[in-house]
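What follows is one structure encoded as structure tokens, with my remarks underneath.
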Amino acid sequence: MQRTRQFNIRRIHDIDDKVVDDLVAIEEPLEIRIGFRGADGRDEKSVSITMRTPGNDEELAVGFLFTEGLLGSAAEVVEVWHRSPPVPGDADLRNVIRVDLVDEASIDFARLERHFYTTSSCGVCGKASLEALNTQSRYSDVLLQSDFSIATADILKLTQKLMSDQKVFGQTGGLHASGLFDASGNIHIVREDVGRHNAMDKLIGRLFLDGGLPATDHGILVSGRTSFELVQKVAMAGVPMLAAVGAPSSLAIDVAREFGITLIGFLRDGRFNVYSADHRISTQE
């Protein structure tokens, strides 16, 4: 499946002016549908359309549904499959995916109509956002009790390790990444996407399908800034630490402190800030 396209561009650097071929990250819409048992037999409902980088669509779909509180366990999922014909020009690219659930699954579709609070631009106050998240996360107690910890020296190496695993970013410079790391600073899973939230959903979706949630013995590193939405997804997945190359928002800090998540920002150039739950960071090698 293609994740990049080549464009002919003009590149200017100081007095150097030339026409070159350049690789750019692909952005395509993905519609997520749920297949479920309705009143008259099997039915389906479209629940989301997101702009994403093709690849790991199954993980993205289930990760999104889980972090939105619509799925509880992988046992509810019967099949995840591409619902649409190939996109012209790319025989492997399909832009509609369906998650089929067991007949017994109970879906609160009204929750999707309320999920607007997860974005930083929705205008809902921080208190309302925190209350809404508190009603969803099943791992609140697990997060508060997590004894996960990592040494400062290992944290400082994470950004370079993530960069070395970002294959498409290395070609295009145009993707966000989320990486799962352990207490020794080893990165086990990396997912890339044009959308920060998509990269996170792909990673959490992989853990969800593998039965790896709650991921109380790991942290997640993201390549950009940290918004409420990303901390919300980490809280839903039971991950006790979120580190970011960029800055956190005020509401991201509020959520991290509410759930006992260790939140790290500005992880670059040999330094970082800790905004919450700093007891998980050890200064010993």
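The values are calculated or read from the model by the stated rules, or taken from the named source; none is laboratory data. Small disclaimer: the values here were computed from a predicted structure and weren't measured. Note that each Cβ is placed from the backbone with ideal geometry, even for glycine, and that neighbours are counted across all protein chains shown.
Looking across the stretch 236-263, the residues that are among the β-branched types (V, I, T) and modelled with pLDDT under 95 come down to V245, I253, V255. Here the condition is being modelled with pLDDT of 60 or more, surrounded by 14 or more Cβ atoms within 10 Å (Cβ to Cβ), among the β-branched types (V, I, T) and over 28 Å from A25 (Cα atoms); of I187, I150, it holds for I150 alone. Applying the selection to the stretch 172-204, what residues are more than 20 Å from V255 (Cβ to Cβ), of a type outside the set (S, T, N, Q) and in a loop (DSSP other than H, G, I, E, B)? If the condition is that a residue be more than 20 Å from V255 (Cβ to Cβ), of a type outside the set (S, T, N, Q) and in a loop (DSSP other than H, G, I, E, B), then G173, G174, L175, D182, A183, G185, V194 are the ones that fit. Give me a count of the residues in the stretch 237-258 that are buried (at least 24 other Cβ atoms within 10 Å of the Cβ), touching a helix residue (DSSP H, G or I) at 6+ places or on another chain (Cβ under 6 Å) and over 13 Å from F148 (Cα atoms). Counting residues in the stretch 237-258 that are buried (at least 24 other Cβ atoms within 10 Å of the Cβ), touching a helix residue (DSSP H, G or I) at 6+ places or on another chain (Cβ under 6 Å) and over 13 Å from F148 (Cα atoms) gives 4. Candidates in the stretch 264-285 are the residues that are hydroxyl-bearing (S, T, Y) and out of contact with any Pro (no Cβ under 8 Å at 6 or more places or on another chain); of these, the one that is modelled with the highest pLDDT is S276.
Of the set (1) in the same structural domain as R83 (by TED's automatic domain parsing); (2) aromatic (F, W, Y); (3) in a strand (DSSP E or B), all apply to F64 but (3).
Of the residues making up the stretch 45-57, just one is in contact with a Leu (Cβ under 9 Å, 6 or more places away or on another chain), of a type outside the set (S, T, N, Q), within 12 Å of R191 (Cβ to Cβ) and not in a strand (DSSP E or B), namely D57. Taking the numbered list (1) surrounded by fewer than 19 Cβ atoms within 10 Å (Cβ to Cβ); (2) aliphatic (A, V, I, L, M); (3) in contact with a helix residue (DSSP H, G or I) (Cβ under 8 Å, 6 or more places away or on another chain); (4) not in a strand (DSSP E or B) in turn, L23 passes all entries but (4).
Being touching a helix residue (DSSP H, G or I) at 6+ places or on another chain (Cβ under 9 Å), at pLDDT 95 or above, aliphatic (A, V, I, L, M) and not in a loop (DSSP other than H, G, I, E, B) is true of L207.
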